[in-house]
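To keep things clear, I will list the structure first and then write my remarks on it.
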Amino acid sequence: MLNDANVGTPERHDDGLSSAEAARLLSEQGANEIIEQRESPLKKILSYFWGPIPWMIEAAAILSALAQDWPDFFIIVTMLAVNAGVAFWQERKADNAVELLKQKLATRARVLRDGKWCDVPARELVCGDLIHLQLGDVVPADVQLLKGSGLSIDQSALTGESLPVEKSAADPAYSGSIVRVGEMTALVTATGMRTFFGKTAALVERAGAPSHFQQAVLKIGNALIIATLVLVAVILVYGWFRGDPLLETVQFALILTIAAIPVALPAVLSVTLAVGAMTLSRLGAIVSHLAAIEELAGIDVLCSDKTGTLTQNRLVVGTPALIEAKDTEQVLLAAALACEQESSDPIDTSILAALKGVDNLARAQVEKFTPFDPVSKIAEVEVTLDGQDRYIAKGAPQSILAWAKASSETQAAVEVQIETLAAGGYRALAVAERIGDQPAEVLGLLPLYDPPREDSAETVSALTKLGVSVKMVTGDHIAIARQIAGQLGIGSNFITADKAFAKEHKMTASEILERDGYAQVFPEHKFEIVETLQSSDHLVGMTGDGVNDAPALRQADVGIAVSGATDAARAAADLVLTEPGLGVIRHAVEEARRIFERMTAYAIFRISETVRVLLFMTLSILVFDFYPVTAAMIVLLALLNDFPIMMIAYDNARPAPRPVRWDMHRVLVLASVLGTLGVISSFGMFWIAESIWELPRPTIQTLIFLKLLVAGHLTIYLTRNDGHFWDRPFPSLKLFITTEATQVVGTLAAVYGWFVEPIGWSLALIVWGYAIVWFLINNMAKRVVLHYLARVKKAKEVN
């Protein structure tokens, strides 16, 4: 249990604090937020010079200095500085993007200021503020409860207690706990790092586990590192046996290791996810966990709530069912007279909106009005209209039948209409009227329904085409669920939760997927649906808006809090929608798949480049006793590669038509083929230069350098999609300009001899032509490999 001593007792103001006093206290006490430990920019920059990869680069620089190879030394130092600068800038931009998204998700609190209740950001609360807590709220600060109906608070996140704790006046409640039941006012006693949660947070640093896709990409990085170290070890042993100078051999091996290892991997991941998160925020979806973007690309089942998500969350009156009324106008007029015209009650609002004869309301004189009583389930009114005293009641059908003392025939007629309306998915509201001393008449029934959103049917259809199966999971009546689902194209194969999740039978994932949806569900049912589907390797998205949805949102691979969700639902979700409806989810799925395509393109490119450079270098040294490029050239290659790699995060990409999963076999096969073709083409260039043109070795090294640079950058255009390189979508302007600019810089270095042997424009243009010819060959090879892999995959699925 928590220690009540954590809560202080600041001075209490029954009318709340004044704005001026709150501002003064805020400046004294600081913002009501958990302060994250942030590194200083200088420390952050220095961290990029510390670690295994920076150590290798620094060791290569030291060896270059010892060998007095100053050109190599300056290039290596420049590479180290540029890598650190680019990584710092990109990660800082990613951090700023995430921070902006967090600000959009900031919770608000209902507080009494200047004698008036208003909503303020929770970070602006100070000790002494009076706040209002209700169902679904996350308690924004440590408080002392004052008055109200009492609260049931879930403080499991703080104490581990599995059951909600009952709280009453004078009891403390703690920041971060969730109101499950009740409504009370409370006095803020501690904020920010002085709260119980703040003190706990100061002791613990929480780190999120990498997602499925991040784990896969990191495995690739580790595999490349191991392969690099093995081949470099072979070169070192060979150099030692051949009697090469140890210093030069070690320096070359270090630089080769630097060029082959994916130095930019963490930065590419961070930038791609941050760019995707910002794009989703513009679409109306705030990402609270960046890893969810990758999971969103692979979801194949979306369990959607009905009210407020698929529907408009507003009541509409359908065509009245007549019982004893002459026409529909009579039923609507009587129902409207029994409404409060200034009321915000959704039923009253919908009835008044449905009534056309507003003049009749103006002519009626209300003598007495009795608002809706939840016990009797009736609203009553006495009015004088056209010189007649009228007594009107509207409410639950059974209550109205009793109020009107209806005959058995009328009761039977009402029962028939109620069943008819229920089968159509409507709720029924009965209206009765008594004029003077005449017997009361049950005029008719008003069918009420929550209409679907205009874009819901289109969105469901679009998600289905994207390979996402949409299931409606609602607490509403099964007839209503069927009616709405039918309109939206989801289907009508529904079952109630009590039948689906009977104790004697636990549903399997296949049985869950056979149904179009589930009605009359409770929170535990939503959780069980998600958990069962996940156990069969499905990636599940779950939408929700209430406290009761929080467990399922947390369990789902992608929990989605819809627009207007409670703080508890938003805290449990990975994605928070700021726009109503499911349309945002469709765009979010498409964007997530684009991000996945970019990451796949990067993985294929990086593996193929490592194979192309490392295998070619190793074979050249072992077979031909020739270093095909110098250490300075390797460093320059790595440096020029970093810039277009970063731009992959901004590339245009077409979303996959089906949910995407990481296919390691496909990536490795395609990357290996492209890398091997690169090795063959590099040896072809080497053979032409040495055997046909009989060029000196330093000139050949520059030719090979330029060929590796141009061909490597062109490979980016091959790996970015599954079609031909000329197929849409075309590369983004950022990727294209950066790629071509670095190729031009490398060409100028080769032509004019910047740190390399100059070759002139004639040989440089020949290298470009040679690289482009192989680029076309690689394009056809890529198409053949992908076609073969698709056939193999299809054959496995058939078998």
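The values are calculated or read from the model by the stated rules, or taken from the named source; none is laboratory data. Since the structure is predicted, the reported quantities are computational estimates derived from the model, not experimental observations. Quick reminder, even Gly has a Cβ in these numbers, built from the backbone with ideal geometry, and neighbours come from all protein chains shown.
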Notebook entry, point to check: Does LYS734 meet the test of being at pLDDT 95 or above, basic (Lys, Arg) and either under 41 Å from the mean Cα position of the chain (by Cα) or assigned to a helix (DSSP H, G or I) (or both)?
Noted result: no
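Restricting to the stretch 548-575, name every residue that is farther than 23 Å from HIS538 by Cβ and among the hydrophobic types (A, V, I, L, M, F, W, C).
Applying the first criterion (farther than 23 Å from HIS538 by Cβ) to the stretch 548-575 yields 563-568, 570-571.
ALA565, ALA568, ALA571 - these are the residues of the stretch 548-575 that are farther than 23 Å from HIS538 by Cβ and among the hydrophobic types (A, V, I, L, M, F, W, C).
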Item checked: Odd one out for ASP545, checked against (1) among the charged types (D, E, K, R); (2) over 17 Å from the mean Cα position of the chain (by Cα); (3) crowded, with 24+ Cβ neighbours inside 10 Å -> (2)
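Of all residues in the stretch 497-540, count the ones that are of a type outside the set (D, E, K, R) and either under 25 Å from LEU135 (Cβ atoms) or assigned to a loop (DSSP other than H, G, I, E, B) (or both). Explain how you work it out, then say what you get.
Residues of the stretch 497-540 of a type outside the set (D, E, K, R): 497, 500-502, 505, 507-510, 512-513, 517-523, 525, 527, 529-530, 532-536, 538-540.
Next, only the ones that are either under 25 Å from LEU135 (Cβ atoms) or assigned to a loop (DSSP other than H, G, I, E, B) (or both) stay: 497, 501-502, 505, 507-508, 518-523, 525, 527, 529-530, 536, 538-539.
Qualifying residue count, the stretch 497-540: 19.
Report yes if VAL744 is in contact with a helix residue (DSSP H, G or I) (Cβ under 7 Å, 6 or more places away or on another chain), in a helix (DSSP H, G or I) and free of Cβ contacts under 8 Å to residues at least 40 places away in the same chain, otherwise no.
Values: in contact with a helix residue (DSSP H, G or I) (Cβ under 7 Å, 6 or more places away or on another chain): no; in a helix (DSSP H, G or I): yes; free of Cβ contacts under 8 Å to residues at least 40 places away in the same chain: yes.
For VAL744, the condition - in contact with a helix residue (DSSP H, G or I) (Cβ under 7 Å, 6 or more places away or on another chain), in a helix (DSSP H, G or I) and free of Cβ contacts under 8 Å to residues at least 40 places away in the same chain - is not met.
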Notebook entry, point to check: Is at least one residue of the stretch 561-573 closer than 24 Å to ASP119 by Cβ, among the charged types (D, E, K, R) and at pLDDT below 90?
Noted result: yes
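So which of TRP754, TRP774 ends up being assigned by TED's automatic domain parsing to the domain that holds THR715, in a helix (DSSP H, G or I) and over 37 Å from the mean Cα position of the chain (by Cα)?
Working: TRP754 fails: in a helix (DSSP H, G or I).
Sole residue among the options that is assigned by TED's automatic domain parsing to the domain that holds THR715, in a helix (DSSP H, G or I) and over 37 Å from the mean Cα position of the chain (by Cα): TRP774.
For ILE490, indicate whether it is part of a helix (DSSP H, G or I), outside the structural domain of ILE347 (by TED's automatic domain parsing) and among the β-branched types (Val, Ile, Thr). Break it down stepwise before answering.
Numbers: part of a helix (DSSP H, G or I): no; outside the structural domain of ILE347 (by TED's automatic domain parsing): yes; among the β-branched types (Val, Ile, Thr): yes.
Taking the combined requirement at face value, the residue does not satisfy it.
Would you pick out the residues in the stretch 457-505 that are of a type in the set (Lys, Arg) and farther than 17 Å from VAL540 by Cβ? Give the derivation first.
Just the residues of the stretch 457-505 that are of a type in the set (Lys, Arg), to begin with: 465, 471, 482, 499, 503.
Answer for the stretch 457-505, where residues must be of a type in the set (Lys, Arg) and farther than 17 Å from VAL540 by Cβ: LYS465, ARG482, LYS499, LYS503.
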Notebook entry, point to check: touching a helix residue (DSSP H, G or I) at 6+ places or on another chain (Cβ under 6 Å) and modelled with pLDDT of 90 or more, is that true of VAL460?
Noted result: yes
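Out of the residues in the stretch 105-117 that are surrounded by 13 or more Cβ atoms within 10 Å (Cβ to Cβ) and not aliphatic (A, V, I, L, M), state the one that is modelled with the lowest pLDDT. Outline the logic, then answer.
Step one: list which residues in the stretch 105-117 are surrounded by 13 or more Cβ atoms within 10 Å (Cβ to Cβ), which gives 105, 107-114, 117.
Remaining after also requiring not aliphatic (A, V, I, L, M): 107-108, 110, 113-114, 117.
Details: THR107: 74, ARG108: 80, ARG110: 89, ARG113: 90, ASP114: 87, TRP117: 88.
Step by step, filter the stretch 105-117, then rank; the result is THR107.
Results for (1) under 35 Å from the mean Cα position of the chain (by Cα); (2) assigned by TED's automatic domain parsing to the domain that holds GLY489; (3) surrounded by 19 or more Cβ atoms within 10 Å (Cβ to Cβ), shown as yes or no for each residue.
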position	(1), (2), (3)
ALA430	no, no, yes
GLY436	no, no, no
GLY444	no, no, yes
THR464	yes, yes, no
Next item on the list: Answer with yes or no whether VAL584 is of a type outside the set (Lys, Arg) and not assigned by TED's automatic domain parsing to the domain that holds GLY467.
Entry: yes
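Right, ALA689: without any contact (Cβ under 8 Å) to a residue 60 or more places away in the chain, surrounded by 21 or more Cβ atoms within 10 Å (Cβ to Cβ) and either among the charged types (D, E, K, R) or more than 28 Å from TYR602 (Cβ to Cβ) (or both) or not?
Considered against the rule, which asks whether it is without any contact (Cβ under 8 Å) to a residue 60 or more places away in the chain, surrounded by 21 or more Cβ atoms within 10 Å (Cβ to Cβ) and either among the charged types (D, E, K, R) or more than 28 Å from TYR602 (Cβ to Cβ) (or both), ALA689 comes out as yes.
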Note to self: Residues to consider are ILE323, ILE351; find the one that is touching a Gly at 6+ places or on another chain (Cβ under 8 Å) and not assigned by TED's automatic domain parsing to the domain that holds ALA485.
What the structure shows: ILE323
Note to self: Restricting to the stretch 659-689, give me the number of residues that are among the basic types (Lys, Arg) and in contact with a Leu (Cβ under 7 Å, 6 or more places away or on another chain).
What the structure shows: 1
Checklist line | ALA479, sole failed condition from (1) assigned to a helix (DSSP H, G or I); (2) at pLDDT 85 or above | finding: (2)
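Out of curiosity, is TYR426 at pLDDT below 95, of a type in the set (Phe, Trp, Tyr), touching a Pro at 6+ places or on another chain (Cβ under 6 Å) and within 30 Å of ILE478 (Cβ to Cβ)? Don't jump to the end; show me each part of the working.
On the way: at pLDDT below 95: yes; of a type in the set (Phe, Trp, Tyr): yes; touching a Pro at 6+ places or on another chain (Cβ under 6 Å): yes; within 30 Å of ILE478 (Cβ to Cβ): yes.
Considered against the rule, which asks whether it is at pLDDT below 95, of a type in the set (Phe, Trp, Tyr), touching a Pro at 6+ places or on another chain (Cβ under 6 Å) and within 30 Å of ILE478 (Cβ to Cβ), TYR426 comes out as yes.
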Margin query: Among the listed residues GLN520, GLN534, identify the single one that is assigned by TED's automatic domain parsing to the domain that holds ARG570 and under 21 Å from GLY308 (Cα atoms).
Written below: GLN520
